[in-house]
1. Select, from GLY54, GLY71, the only residue that is within 29 Å of PRO107 (Cα to Cα) and either away from the ligand (no atom under 14 Å from the Cβ) or not aliphatic (A, V, I, L, M) (or both).
2. From the list GLY199, GLY212, which one is closer than 28 Å to ALA10 by Cα and in contact (Cβ under 8 Å) with a residue 40 or more places away in the chain?
3. How many residues, within the range 118-151, are farther than 26 Å from ALA17 by Cα and touching a Ser or Thr at 6+ places or on another chain (Cβ under 7 Å)?
4. Could you tell me whether any residue of the range 184-197 is part of a loop (DSSP other than H, G, I, E, B) and buried (at least 19 other Cβ atoms within 10 Å of the Cβ)?
5. Determine which single condition ASP22 fails, assuming it passes every other condition in (1) touching a helix residue (DSSP H, G or I) at 6+ places or on another chain (Cβ under 8 Å); (2) surrounded by fewer than 18 Cβ atoms within 10 Å (Cβ to Cβ); (3) over 25 Å from MET209 (Cα atoms).
6. With (1) out of contact with any helix residue (DSSP H, G or I) (no Cβ under 7 Å at 6 or more places or on another chain); (2) farther than 26 Å from ARG23 by Cα; (3) touching a residue at least 12 places away in the same chain (Cβ under 8 Å); (4) of a type in the set (Lys, Arg) as the list, and ARG159 as the residue in question, which single condition is left unmet?
7. Whether any residue in the range 181-192 is small (Gly, Ala, Ser), within 13 Å of the ligand (Cβ to nearest atom), under 25 Å from ASP14 (Cα atoms) and at pLDDT 95 or above is what I want to check.
8. Among the residues of the range 16-38, which ones are more than 16 Å from the ligand (Cβ to nearest atom) and part of a loop (DSSP other than H, G, I, E, B)?
Amino acid sequence: MKVLIHETQATAVDCVAGLFADRLKQEPETVLGLATGGTMEAVYERLIARYKAGDMSMAKARSFNLDEYVGLRPDHPCSYWYYMRKKLFDHVDIKPENTFLPCGDAPDPEVEANRYEDAIAAAGDIGLQLLGLGANGHIGFNEPTSSLASHTRIKTLTRTTREANARYFDSFDDVPRLAITMGIGTIMRAEEIVLLAFGEAKADVVAKMIEGPVSAACPASILQMHRKVTVVIDEAAASKLALRDYYEEVHPEVRAPS
Ligand code: GLP
């Protein structure tokens, strides 16, 4: 695991946008794994700026998002389809027919989950996967106790996750109880993973993910078993790491960019 500790949220976000743009430069046809949530909004803003500056193109890329709420139509303002269109797809050159999310309003969500898993495998799996981090250690919507080998399926959301996402809905009761999410096994097949977390509220879970035991109790801890993961955090999110000095010593360039 490469742990990059940035002085500020802004430079952490720039770093992730830079890794994303570099990968697309090297391999324009990359199959991208995309995430939602508040953390990613700043990344997408930077990517849009890079696209407008002629510094990034998604014209040849395909994308698969991590998850979608069960029961929400793609045009529902709280759906992740809607989020992705508004926050990224409508502003860059990715072809709409190359963007994929699970259909939250599919007549049979289980069939839809299997179809989505097959579509990812048929695309050759994810090349670069972006991840945020839930306060309880979830990645995608793989809540604690999720099978570490799971494929795309339906998950019941925890109360804390529903509370954390209630700000996007009119009320807590409007937050769906179920979601279709890529599995942990699906995510682990990605060639490369970049996870971004910032803020004090994520400090405990960041420490568990990086330095705790690998356990389904903290699904993100499985990333310790992946060959190519970069964790990008700010100082606040790094504040509970026991080996923080070591990570800073290994990557001095993060604090003093050349
Ligand atoms: C949601 C998403 C996750 C995301 C998490 C963190 O639950 N399904 O993919 O990582 O929120 O969100 P935030 O970035 O708002 O803290």
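The values are calculated or read from the model by the stated rules, or taken from the named source; none is laboratory data. Since the structure is predicted, the reported quantities are computational estimates derived from the model, not experimental observations. In this analysis, Cβ positions are derived from the backbone assuming ideal geometry, glycine residues included, and neighbour counts consider all displayed protein chains.
1. GLY71
2. Result of the check over GLY199, GLY212: GLY199.
3. 2
4. Taking every residue of the range 184-197 in turn, at least one turns out to be part of a loop (DSSP other than H, G, I, E, B) and buried (at least 19 other Cβ atoms within 10 Å of the Cβ).
5. (1)
6. (3)
7. Residues of the range 181-192 small (Gly, Ala, Ser): 183, 185, 190.
So of that shortlist, the ones also within 13 Å of the ligand (Cβ to nearest atom) come out as none.
The answer is no, given that none of the residues of the range 181-192 is small (Gly, Ala, Ser), within 13 Å of the ligand (Cβ to nearest atom), under 25 Å from ASP14 (Cα atoms) and at pLDDT 95 or above.
8. Those that are more than 16 Å from the ligand (Cβ to nearest atom) and part of a loop (DSSP other than H, G, I, E, B): GLU27, PRO28, GLU29, THR30.
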